[in-house]
Protein chains: 2
Amino acid sequence: MESVFSKITLEHIADLVDLLGKENVWTDNELLYEYGKDQTEDLVFPPAVVLKPRTTLEVSKIMSYAYKNSIAVVAVGARTGLSGGVLNVCTGIALSLERMNKIIEIDENNLQVRTQPGVVTQVLQDQVLEKGLFYPVDPASRGSCFIGGNIAENAGGARAVKYGVTKDYVLNLEVVLADGQIIWTGSDTLKNATGYNLTQLIIGSEGTLGIVTQIVLRLIPKNNHDVLMLIPFYKMGEAAEVVSTIFKAGIIPSALEFMEREAIDWAMRFMQVDGVNIKDGIEALLLIELDGNYLEILIEEAEKIAELVEGFKIDDILFAESADQKEVLWRLRRSVAEAVKSNSVFKEEDTVVPRYELPKLLVGVKQIGSKYGFKTVCYGHAGDGNLHINIIKEGLTDEQWEKDVPNGIREIFELTVSLKGTISGEHGIGWVQKNYMNLAFQPIELELMKKIKNVFDTKGILNPHKIFPDDISN
Amino acid sequence: MESVFSKITLEHIADLVDLLGKENVWTDNELLYEYGKDQTEDLVFPPAVVLKPRTTLEVSKIMSYAYKNSIAVVAVGARTGLSGGVLNVCTGIALSLERMNKIIEIDENNLQVRTQPGVVTQVLQDQVLEKGLFYPVDPASRGSCFIGGNIAENAGGARAVKYGVTKDYVLNLEVVLADGQIIWTGSDTLKNATGYNLTQLIIGSEGTLGIVTQIVLRLIPKNNHDVLMLIPFYKMGEAAEVVSTIFKAGIIPSALEFMEREAIDWAMRFMQVDGVNIKDGIEALLLIELDGNYLEILIEEAEKIAELVEGFKIDDILFAESADQKEVLWRLRRSVAEAVKSNSVFKEEDTVVPRYELPKLLVGVKQIGSKYGFKTVCYGHAGDGNLHINIIKEGLTDEQWEKDVPNGIREIFELTVSLKGTISGEHGIGWVQKNYMNLAFQPIELELMKKIKNVFDTKGILNPHKIFPDDISN
């Protein structure tokens, strides 16, 4: 790719070593290769150098240097992203936040946590849990992803249906701008009507507006109980149909996950777990969790859900009896993506629609697959109307994969948008979805976003060629 | 005020009549006066003309005309604002949204409502309630304020402590830009990781970035029960201290309101209600509501709260026995602001801090009042750390009011910010707080906001001289 940015020279490297110390500047090829990919398909774009700053001031120095020298910079977290946000397409600096991995303060009086971005989401969850507090946002990758990356992509996960996504927990952000200046976006308060909401502008901006170096999150008290049930449906469409029925009945589960049968089959094989016995003919399953402080109420609600699904063609509902059984079911659900990946080359789309439209989306996806000759395995956060569509390469020629599949994806996104949905619910746009952005937005809307990008990053050095379609990109 | 904008001429008026029809263009002085004020102190800045469009297209035509002719435009809702957002300081167009007052669709399948901006918040709440749905954001002015105004200021209210503020319910906005172009900011989905969050950028932007003409809100199922309790404290500081204790005990009330004794005394006098017998020596009260679907749990939680306050010097807790009694208590709480206003010339500050800092804020406010010789009556949404501070003119000379009081306010805001809070929780900055913005933000942060303003509104015609301090204003 042709680039307007400076090619990194040995002199640049020497300057960076001078700034950060030799131990924080990495140039060996194997490492560059690792930092040039995330969990997106089989794409790799290695950077020219990996930097591992330890403080906000060091991040600021790097950006100041990169700004003066017109060097492209990609902020790198745990590289678990699914839209290629971390791909270093201009061969610039990969600025890894992995050494900024301290939880600075758990504030039990205000139910807040102050943290650096390189903390693994689950580590943060576990540490606040020790104080009886709950950070409910849990992407499937929570065991490895960073909280900073969650902010970059506005990550969701299974519990978003009741508790919301990353953006609903962020109170305040320290951000290093493209030229090295350091800002705070808001205040450490639950409410804020003081100027424009820079906090929410940074969340989900995928490293294109600034680099998040400190984060204040609100927490909530931990609930004492949860109930987990797995409902096998003979008809996939009926599983999707039930979803909105549950909410209409006034029940808000803490998770409401949809899996096509193959998704869980593959996960069981991949994890070598066979805890779940799924009958022949079952097309899809709903995994439903209820949580709260009163077990008897959760059981009552679970029974209500059991009644609601009575009219549908289902097999016996499995109620998880023990913590172990719950753990197995969740482990299976969380490993679906990895299982699918291990099985074949794939593309994953992250469609989202208003939840009642889910059955229409599902039918449409299967029809489009038939039309273009590709197989899909679908699963996702049905309670949010968020369906992950995995398109499997197995059985397709390279030509079909490169020509037909993108047309099919475009058609899937067109359907999504026609159902009042959009093209990403929680994975972000990054590199792989950017040329579909014109389906979700009018040119004037994209232009506004692009101008905002220019306000924050006049030289366009932060994560170039991401989010925006090629025709209006850097 | 000197203005870079065109002074409105008879020719402009003729053009606007041509665009909208005579019945939608108003120029009589009495009406201009009314449209030149909101509920902020005693300030009045009448517009040159009031326009009452009925459609998005008409709003677009107005903006297109105003843009070409460099005329300042202030979007006007129900004029219940508390920061002077609606003051027409450049004598331009007041663009009233009052005729765009239709609820377009209540979507029971997706738990959403699509509405025009000129709908009264309570009307929207009542109409969705008829379908068993709940829009929980309820500013004290909900009986008269517009949902569009709530978006402009990111309004909160009593239930924000459990349910969040306006920004937590807005999924998608139709916005007319300064030059008349029409955009949608997002999609009608619960999750969205598709580009920058323009929706959240518009919310709370106080009419300075665009004019909201259609709104999609998410709703939640209505809870069946609530319990309301009023706890009188002999010591004001103890009432504030209890607040964070309740959350630390794992209880999240649906409202947790603080009132200084005088606030409720004045409200009772103003409303001619004497349902509440407050003993001599009581300094402050907490009004606490719990809601949910299971009454027995709410009672259990209320009893837990009663236990938590046992260690403090309190009078008997009043549990509201009937719907009527609840209604009286809420009416009193909601009328406090109006009661205070009716009593004396005043200034109202909308401070917010992390909730554990509330006692320190309260002590500080009283000390600062003593220092500058002014009296304050405080009340607010203590569960959010959001304290409304009413500074009463009674007993002060005009000179004291104009010289000493602003210094005192500055000191209160400095205290707020030093406690990691900010200068507005839910009222916005508007006209009266703008010159305190440098306490909440560094110059670079304000510059970023100002540049975003310029992206949306190149000529600066939308609500000029609001939010930004004079030194960086239009």
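The values are calculated or read from the model by the stated rules, or taken from the named source; none is laboratory data. Small disclaimer: the values here were computed from a predicted structure and weren't measured. Neighbour counts are summed over all protein chains in view; Cβ atoms, including those assigned to glycine, are modelled from backbone coordinates with ideal geometry.
Specify the residue that is surrounded by the most Cβ atoms within 10 Å (Cβ to Cβ); the eligible residues are those in the stretch B:171-180 that are more than 11 Å from chain A (Cβ to nearest Cβ) and part of a strand (DSSP E or B).
Residue satisfying both the conditions and the ranking: B:VAL176.
Where residues in the stretch B:241-287 are of a type in the set (Val, Ile, Thr) and either assigned to a helix (DSSP H, G or I) or touching a Phe, Trp or Tyr at 6+ places or on another chain (Cβ under 9 Å) (or both), which of them is farthest from the other protein chains (Cβ to nearest Cβ)?
Going residue by residue through the stretch B:241-287, those that are of a type in the set (Val, Ile, Thr) are B:242-243, B:245-246, B:251-252, B:264, B:273, B:276, B:278, B:282.
Checking the rest, the ones that are also either assigned to a helix (DSSP H, G or I) or touching a Phe, Trp or Tyr at 6+ places or on another chain (Cβ under 9 Å) (or both) come to B:242-243, B:245-246, B:264, B:282.
On the way: B:VAL242: 13, B:VAL243: 11, B:THR245: 9, B:ILE246: 10, B:ILE264: 23, B:ILE282: 26 Å.
Selected residue: B:ILE282.
Just to be sure before I move on: is A:ASN110 surrounded by 23 or more Cβ atoms within 10 Å (Cβ to Cβ), among the polar types (S, T, N, Q) and either modelled with pLDDT of 95 or more or closer than 18 Å to A:TRP330 by Cα (or both) in the structure I sent? Steps first, answer last, please.
On the way: surrounded by 23 or more Cβ atoms within 10 Å (Cβ to Cβ): yes; among the polar types (S, T, N, Q): yes; either modelled with pLDDT of 95 or more or closer than 18 Å to A:TRP330 by Cα (or both): yes.
Considered against the rule, which asks whether it is surrounded by 23 or more Cβ atoms within 10 Å (Cβ to Cβ), among the polar types (S, T, N, Q) and either modelled with pLDDT of 95 or more or closer than 18 Å to A:TRP330 by Cα (or both), A:ASN110 comes out as yes.
Just to check your reading of the model, which residue among A:VAL328, A:VAL309, A:VAL353 is of a type outside the set (D, E, K, R), in contact with a helix residue (DSSP H, G or I) (Cβ under 6 Å, 6 or more places away or on another chain), in the same structural domain as A:GLU257 (by TED's automatic domain parsing) and closer than 20 Å to A:PRO139 by Cα?
None of the other options fit; the residue is A:VAL353.
All but one of (1) closer than 27 Å to B:PHE312 by Cβ; (2) at pLDDT below 95; (3) within 14 Å of chain A (Cβ to nearest Cβ) hold for B:TYR294; which doesn't?
Tallying (1) closer than 27 Å to B:PHE312 by Cβ; (2) at pLDDT below 95; (3) within 14 Å of chain A (Cβ to nearest Cβ), B:TYR294 fails exactly one: (1).
Among the residues of the stretch A:97-114, count how many are in a loop (DSSP other than H, G, I, E, B), within 12 Å of another protein chain (Cβ to nearest Cβ) and without any contact (Cβ under 8 Å) to a residue 24 or more places away in the chain.
Applying the first criterion (in a loop (DSSP other than H, G, I, E, B)) to the stretch A:97-114 yields A:97-102, A:108-111.
Now narrow it down to the ones that are within 12 Å of another protein chain (Cβ to nearest Cβ): A:108-111.
Those still in the list that are without any contact (Cβ under 8 Å) to a residue 24 or more places away in the chain too: A:109.
Of the residues in the stretch A:97-114, 1 are in a loop (DSSP other than H, G, I, E, B), within 12 Å of another protein chain (Cβ to nearest Cβ) and without any contact (Cβ under 8 Å) to a residue 24 or more places away in the chain.
Could you grab me the full set of residues in the stretch A:185-197 that are more than 7 Å from every other protein chain (Cβ to nearest Cβ) and not hydroxyl-bearing (Ser, Thr, Tyr)? I'd like the intermediate steps shown before the answer.
First, the residues of the stretch A:185-197 that are more than 7 Å from every other protein chain (Cβ to nearest Cβ): A:185-186.
Passing the criteria: only A:GLY186.
Residues being more than 30 Å from A:ASN343 (Cα to Cα) and in contact (Cβ under 8 Å) with a residue 40 or more places away in the chain: count how many of those fall in the stretch A:15-42.
Here is the first cut: in the stretch A:15-42, the ones more than 30 Å from A:ASN343 (Cα to Cα) are A:15-28.
Narrowing further to those that are in contact (Cβ under 8 Å) with a residue 40 or more places away in the chain: A:15-16, A:19-20, A:24.
Total satisfying the criteria: 5.
Of the conditions (1) free of Cβ contacts under 8 Å to residues at least 24 places away in the same chain; (2) more than 13 Å from every other protein chain (Cβ to nearest Cβ); (3) assigned to a helix (DSSP H, G or I); (4) of a type in the set (A, V, I, L, M, F, W, C), A:LEU396 satisfies every one except a single condition; which number is it?
Exception for A:LEU396: condition (3).
For the stretch B:186-234, give me the residue count where each residue is in a strand (DSSP E or B) and among the polar types (S, T, N, Q).
Filtering the stretch B:186-234 for residues in a strand (DSSP E or B) gives B:211-218, B:220-221, B:225-233.
Those still in the list that are among the polar types (S, T, N, Q) too: B:213-214.
Of the residues in that region, 2 qualify.
Step by step: first the residues of the stretch B:219-240, then only those that are within 11 Å of another protein chain (Cβ to nearest Cβ) and not basic (Lys, Arg), then the one that is surrounded by the most Cβ atoms within 10 Å (Cβ to Cβ). Which residue is that?
So in the stretch B:219-240, the residues within 11 Å of another protein chain (Cβ to nearest Cβ) come out as B:219-224.
Now narrow it down to the ones that are not basic (Lys, Arg): B:219-221, B:223-224.
Working: B:LEU219: 23, B:ILE220: 16, B:PRO221: 16, B:ASN223: 16, B:ASN224: 12.
Checked the stretch B:219-240; the qualifying residue surrounded by the most Cβ atoms within 10 Å (Cβ to Cβ) is B:LEU219.
Buried (at least 18 other Cβ atoms within 10 Å of the Cβ), assigned by TED's automatic domain parsing to the domain that holds B:VAL76 and either at pLDDT 95 or above or in a strand (DSSP E or B) (or both): which single residue out of B:VAL44, B:VAL17, B:VAL50 fits that description? Step through it out loud before you land on a result.
Values: B:VAL44 fails: buried (at least 18 other Cβ atoms within 10 Å of the Cβ); B:VAL17 fails: buried (at least 18 other Cβ atoms within 10 Å of the Cβ).
After applying the criteria, what remains is B:VAL50.
Filter the stretch A:457-472 for residues that are part of a loop (DSSP other than H, G, I, E, B) and without any contact (Cβ under 8 Å) to a residue 60 or more places away in the chain; which is nearest to the other protein chains (Cβ to nearest Cβ)? Even if it seems obvious, please write down each step before you answer.
Residues of the stretch A:457-472 that are part of a loop (DSSP other than H, G, I, E, B), as a first pass: A:457-461, A:463-469.
Checking which are without any contact (Cβ under 8 Å) to a residue 60 or more places away in the chain leaves us with A:468-469.
Values: A:PHE468: 8, A:PRO469: 11 Å.
Among them, the one singled out is A:PHE468.
List pairs: first residue in the stretch A:160-181 and closer than 26 Å to A:ALA72 by Cβ, second residue of a type in the set (Asp, Glu) and surrounded by fewer than 24 Cβ atoms within 10 Å (Cβ to Cβ) anywhere in the structure, Cβ distance under 6 angstrom, at least six positions apart or on different chains.
Note: pairs meeting the criteria are A:ALA178/A:ASP457.
Would you pick out the residues in the stretch B:430-456 that are in a loop (DSSP other than H, G, I, E, B), within 11 Å of chain A (Cβ to nearest Cβ) and more than 19 Å from A:LEU209 (Cβ to Cβ)?
From the stretch B:430-456, those in a loop (DSSP other than H, G, I, E, B) are B:430-433, B:441-442; that's our starting set.
With within 11 Å of chain A (Cβ to nearest Cβ) added as a condition, the list becomes B:430, B:433, B:441-442.
B:GLY430, B:GLN433, listed by residue number.
Just checking, does the stretch B:409-428 include any residue being without any contact (Cβ under 8 Å) to a residue 24 or more places away in the chain, surrounded by fewer than 21 Cβ atoms within 10 Å (Cβ to Cβ), not in a loop (DSSP other than H, G, I, E, B) and not assigned by TED's automatic domain parsing to the domain that holds B:GLU260?
Initial filter on the stretch B:409-428 (without any contact (Cβ under 8 Å) to a residue 24 or more places away in the chain): B:417-418.
This time we only want the ones that are surrounded by fewer than 21 Cβ atoms within 10 Å (Cβ to Cβ), so: B:417-418.
Now narrow it down to the ones that are not in a loop (DSSP other than H, G, I, E, B): B:417-418.
In the following step, the residues that additionally are not assigned by TED's automatic domain parsing to the domain that holds B:GLU260 were identified as B:417-418.
Within the stretch B:409-428, one or more residues are without any contact (Cβ under 8 Å) to a residue 24 or more places away in the chain, surrounded by fewer than 21 Cβ atoms within 10 Å (Cβ to Cβ), not in a loop (DSSP other than H, G, I, E, B) and not assigned by TED's automatic domain parsing to the domain that holds B:GLU260.
Would you point out which residue out of A:GLY195, A:GLY204, A:GLY210, A:GLY180 is in the same structural domain as A:GLY149 (by TED's automatic domain parsing), within 23 Å of B:ASN386 (Cα to Cα) and at pLDDT 95 or above? If you could, list the steps in order and put the result at the bottom.
Values: A:GLY204 fails: within 23 Å of B:ASN386 (Cα to Cα); A:GLY210 fails: within 23 Å of B:ASN386 (Cα to Cα); A:GLY180 fails: within 23 Å of B:ASN386 (Cα to Cα).
After applying the criteria, what remains is A:GLY195.
Being of a type in the set (Asp, Glu) and under 27 Å from the mean Cα position of the chain (by Cα) is the filter here, so list the residues in the stretch B:303-359 that pass it. Spell out the reasoning first.
Pass one, the stretch B:303-359, residues of a type in the set (Asp, Glu): B:303, B:307, B:310, B:315-316, B:321, B:324, B:327, B:338, B:348-350, B:357.
Those that are of a type in the set (Asp, Glu) and under 27 Å from the mean Cα position of the chain (by Cα): B:ASP324, B:GLU327, B:GLU338, B:GLU348, B:GLU349, B:ASP350, B:GLU357.
Between a first residue in the stretch A:269-290 that is on the phi > 0 side of the Ramachandran plot and a second residue that is part of a loop (DSSP other than H, G, I, E, B), which pairs have beta carbons less than 6 Å apart while being 6 or more apart in sequence or on different chains?
Qualifying pairs under 6 Å: A:GLY281/A:TYR234.
Tell me, yes or no, whether the stretch B:70-77 has at least one residue that is at pLDDT 95 or above and either at positive phi or surrounded by fewer than 16 Cβ atoms within 10 Å (Cβ to Cβ) (or both).
Of the residues in the stretch B:70-77, the ones at pLDDT 95 or above are B:70-77.
Pick out the ones that are also either at positive phi or surrounded by fewer than 16 Cβ atoms within 10 Å (Cβ to Cβ) (or both) and you get B:70.
The answer is yes; a qualifying residue exists.
Got a sec? Which of A:VAL216, A:VAL212 is more than 14 Å from chain B (Cβ to nearest Cβ) and closer than 30 Å to A:PHE468 by Cβ?
Working: A:VAL216 fails: more than 14 Å from chain B (Cβ to nearest Cβ).
A:VAL212 is the lone residue from the list that is more than 14 Å from chain B (Cβ to nearest Cβ) and closer than 30 Å to A:PHE468 by Cβ.
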